[in-house]
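Heads up, the thing below is written out as structure tokens.
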Amino acid sequence: MQAVLLAAGESSRFFPLNLKHKCLVKIAGESLISHTVRAVKRAGITDITIVTGNNRNFQDVLGNGKKFGVKIRYVIQEKPTGAGDALIVASKFLTGDFFLVNSNHVEFDELKHAIDLNRGTNKEPVLLATPEPSQRKFGALKINGDRVLEISEKPKSSRGFSNLRIVGVYFLNQDFVKTLKKIPSTHYSLENALDKYAKEKRVLLALTNHKILSLKYPWDLLNIKNYILSKQKRSISKKARIAGNAQIDGSVVIEEGAQVLENAVIKGPCYIGRNVFIGSNSLVRDGSDIEESAVIGAYMEVRGSLILEGTKTHSGFIGDSVLGQNSKIGALFGTANVRLDRANVRSVVNGEKIDTGFGSLGAIIGDNVVIGERVSTMPGITIGNNAIIGPSTTVMRNVDSDTTFYTKFAEFVEEKKTLPARLDKAMAKRAGRYGRPKRS
């Protein structure tokens, strides 16, 4: 059995963390695509083809796959023109049935199990689907039992379609590849080919209630982080330096070179990367991931957040947020992460207000951002790369990359007035008169 991982597309919706491919973001010390390769290996597949854009970043991270116990080959998709074209580029390496997988599916082994239960020894293509109340945002299906009758990408009307959406995991065969090659090249040629194949032959349906880990927007990293941390086992390196009165509870991983100072508290599941510094009286809790060489200052609380490599913080509160690499955060920084009306947090992406699906969501901050003291951010705010946020600023809207953003203060200066000379003399004379001692 073989697997094809799709990792060629770039996404403006992933701003500001899209300076590199989104599957190269690190969680628990490894890139997302590394976690996916491990999941493919756990599923019993060791022959992997990765479709990438025209860069060597994936080769640098994954190599030939030997360290994962698999064989990896790479093919280049010059332009990100959709999953169908990506599969055609990879097809020269495919010799039989195979799985086609979006490269963010770190839970692939669990999803493959659902497909295997349905397909048995059948060789027909199998689509994995999950319940979805709003099919307009996803690939929708018309079905009859376990057979797919029609496929439509983001239909204008839900009439006649099931309440299911397609998950980015497919079991396919060589006969389907022949159909795909006859379909005109568009962004949705894969879905169009599946629709044609389903109407002419047989495409089966497999269902899963497993929570699907998508990676369309930067806040999706939080769900993937939570999944990965839920699978980890407690591990504390002997080469980490931990103060005697620091408190470490639950499923916590602390890597080599990390320092945890006096009275710090870490409540798992949490990941503390190599050479991370956790300051005195700080609190790291509830699914927080602090990546390599990051700094959590004294009296800082971090809840459910992902803080990437080299970012340094001081005191304050960071909740349900994603902070990019090598940013510098001043003292008394605070991320508001819940709306006053307790509705889902909404975030503006490419000018469109998006329901994130999160009841709690803080800030999404890019790389190399500098933030002054006493800054606060509203829920769902995005701050672009290389931005500078001035002190005592409340960030209530998105900030573009390479922008300086600050509150302009109106200063009030009080001056002590000098009394006129004649009035000053009169007051002095009067003070002397009343201050004279009485005669005996």
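Nothing in this text is a laboratory measurement; each read-out follows from the coordinates by a stated rule. Here the structure is a predicted model, which is why all the values come from computation and not from measurement. Glycine also receives a Cβ, built like all others from the backbone with ideal geometry; neighbour counts cover every protein chain displayed.
Charges only on Cβ, +1 for Lys and Arg, -1 for Asp and Glu: so what's the dipole of the chain about the Cα centre, in debye to the nearest 20?
1600
Is any residue of the stretch 303-336 close enough, with backbone N under 19 Å, to a label point placed 7 angstrom from the Cα of Tyr406 along the Cα-Cβ axis, and if so, which?
Under cut-off, by backbone N: 328-334.
If I histogram all Cα-Cα distances within the stretch 233-405 using bins 5 Å wide from 0, what percent of pairs lands in each bin?
Histogramming the stretch 233-405 at 5 Å steps yields 2, 9, 17, 23, 18, 14, 9, 5, 2, 0, 0 percent.
Report, to the nearest 10°, how far helix 220-231 tilts away from the longest principal axis of the Cα atoms in the chain, using its own Cα long axis and a range of 0 to 90°.
80
Taking the Cα atoms of the chain alone, what are Rg (to one decimal) and Dmax (as a whole number) in Å?
Taking only Cα atoms of the chain, I get Rg and Dmax of 28.9, 128 Å.
Along the charge dipole of the chain, which of Tyr188, Asn18, His210 sits closest to the positive end, that is, farthest toward it, with unit charges on the beta carbon of Lys, Arg, Asp and Glu (+1, +1, -1, -1)?
Result: Asn18.
Report the charge-dipole magnitude of the stretch 1-150 in Debye, nearest 20, computed about the Cα centre from +1 at each Lys and Arg Cβ and -1 at each Asp and Glu Cβ.
Here the size comes out at about 360 debye.
Quick one: the Cα spread of the stretch 173-317 along its three principal axes, in angstroms, biggest first?
Projected onto the principal axes, the Cα atoms of the stretch 173-317 cover 68, 26, 25 Å.
Between 0 and 90 degrees, rounded to the nearest ten: what's the tilt of helix 32-42 against the longest Cα principal axis of the chain?
40
Kindly state, to the nearest 0.05, the FRET efficiency for Asp60 paired with Val265, given R0 = 45 Å and r defined as their beta-carbon distance.
The value I calculate is 0.75.
Of the residues Gln247, Gln77, Gln325, which exhibits the maximal mean-square fluctuation in a Gaussian network model of the chain defined by a 10 Å Cα contact cut-off?
Comparing Gln247, Gln77, Gln325 in a Gaussian network model of the chain, the most mobile one is Gln247.
Given the alpha-carbon gyration tensor of the stretch 75-115, what are the semi-axes of its equivalent ellipsoid in whole angstrom, ordered largest first, with each equal to the square root of 5 times an eigenvalue?
Over the Cα atoms of the stretch 75-115, the semi-axes work out to 22, 14, 7 Å.
If the viscosity is 0.692 mPa s and the temperature 37 °C, what Stokes-Einstein diffusion coefficient in µm²/s follows for the stretch 2-207 when Rh is the Kirkwood radius over Cα pairs?
189
With unit charges on the beta carbons (Lys and Arg positive, Asp and Glu negative) and the dipole taken about the Cα centre of the chain, which residue among Ser392, Ala90, Gly366 sits farthest to the positive side?
Ser392
How much length would be gained if the chain were fully extended between Arg241 and Arg159, taking 0.36 nm per residue of separation minus their Cα-Cα distance, in nm to one decimal?
Working it through step by step, the gained length comes to 23.5 nm.
Taking the highest mean first, how do the peptides 403-410, 263-270, 159-166, 189-196 order by number of other beta carbon atoms within 10 angstrom per residue?
Result, highest mean first: 189-196, 263-270, 159-166, 403-410.
Dipole of the stretch 32-93, Cα-centred, from +1 at each Lys and Arg C-beta and -1 at each Asp and Glu C-beta, to the nearest 20 debye?
Roughly 320 debye for the stretch 32-93.
Go through Lys79/Lys182; Lys66/Lys233; Lys67/Lys216; Lys181/Lys211; Lys267/Lys312; Lys67/Lys239 and tell me which ones have a Cα-Cα distance over 27 Å in this structure.
Too far apart for the 27 Å limit: Lys67/Lys216; Lys181/Lys211.
What distance in nm lies between label points placed 7 Å from Cα along the C-beta direction at Lys233 and Glu415?
About 7.4 nm, to one decimal.
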